[in-house]
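Visitor: Handing you a structure now.
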Amino acid sequence: VEKEFRGKFKGISQKNPISHLKELGVTHVQLMPISDYKSVDESKLDEPQYNWGYDPQNYNVPEGSYSTNPNDGNVRIKEFKELVKSLHEEGIRVVMDVVYNHTYDTETSLFNLAVPNYYYRTDEEGNFTNGSGCGNEVASEKPMIRRYIKDSVVNWAKEYHIDGFRFDLMGLHD
């Protein structure tokens, strides 16, 4: 893989990595979370940063640090679609790890900016519950968040042609 594409969607979508997967008999790949997450500073990608992707910020956008131009949403989308298409052309299906059980934080959460405290579970005192171990958990039993999760999964399947999903901490969802 060319150095400039290592750690990027384009790095996987090149012929050599996919050919190697085919030679190994791989039929499916499961991608760690690739939706936009918070803790990687996309303005400092020349500095070493590491993240598994389990600190979601925006569930419906490909992570910018995996694209060649994180500041251009079109590039994020195009390069991720190219990755999925390249795998599909070789008969390899794509499963996406999704983290709908919590968000990076609640203060800057897009959910809380839209409808404060609606999207999260709280205890009797009004504190956020923490079954996720991340400081909050999304209230999937509430109609708007349930609809949001369903629409998000459908969007990834239809728009990006994702073949399957692995839900992180599924036990937190109702």
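Any read-out appearing in this document is the output of simple, stated calculations on the displayed coordinates, not a laboratory observation. Nothing here was measured: the structure is a model prediction, and the numbers come from that model. Here the Cβ is made from the backbone with ideal geometry for all residues, glycine too, and neighbour counts use every protein chain on show.
Visitor: Grab the beta carbon distance between GLU23 and THR108, set R0 = 45 Å, and tell me the FRET efficiency rounded to 0.05.
Guide: 0.55
Visitor: How many angstrom lie between the Cα centre of the stretch 29-68 and the Cα centre of the stretch 89-114?
Guide: What the calculation gives is 10 Å, centre to centre.
Visitor: Please label the shape of the stretch 1-63 as rounded, prolate or oblate, based on the square roots a ≥ b ≥ c of the eigenvalues of the alpha-carbon gyration tensor (a/c under 1.5 means rounded; beyond that, a/b larger than b/c means prolate, else oblate).
Guide: oblate
Visitor: Per DSSP H run of at least 4 residues, take -39500 (n - 2.57); add these up for the chain, divide by its residues and hand me the 222 nm value, nearest 500 deg cm²/dmol.
Guide: Details: 5 runs with 54 residues, N = 174.
Roughly -9500 deg cm²/dmol at 222 nm, from the helical runs in the chain.
Visitor: Hey, another quick one. To make sure I understand, if each residue's beta carbon is the centre and we count other beta carbons within 10 Å, what order do THR108, THR129 fall in, fewest to most?
Guide: THR108, THR129
Visitor: Figure the gain on full extension for PHE165 and ASP151 (residue separation times 0.36 nm, minus the Cα-Cα span) and round it to one decimal in nm. Don't skip to the end; give the middle numbers.
Guide: Values: separation 14, 0.36 × 14 = 5.04 nm, distance 1.34 nm.
Between PHE165 and ASP151, full extension yields 3.7 nm more.
Visitor: Write down the Å³ per residue value for the convex hull defined by the alpha carbon atoms of the chain.
Guide: Given the Cα convex hull of the chain, per-residue volume reads 125 Å³.
Visitor: Please report the antiparallel percentage of DSSP beta bridges with both residues in the chain, rounded to the nearest 5.
Guide: 40 percent
Visitor: Between ASN51 and LYS15, what length comes free when the chain is fully extended (0.36 nm per residue of separation minus the Cα-Cα distance, one decimal in nm)?
Guide: 10.4 nm
Visitor: Something else: Total Lys pairs in the chain closer than 18 Å by alpha-carbon, pairs eight or more apart in sequence or interchain only?
Guide: Step by step, the pairs that qualify in the chain add up to 20.
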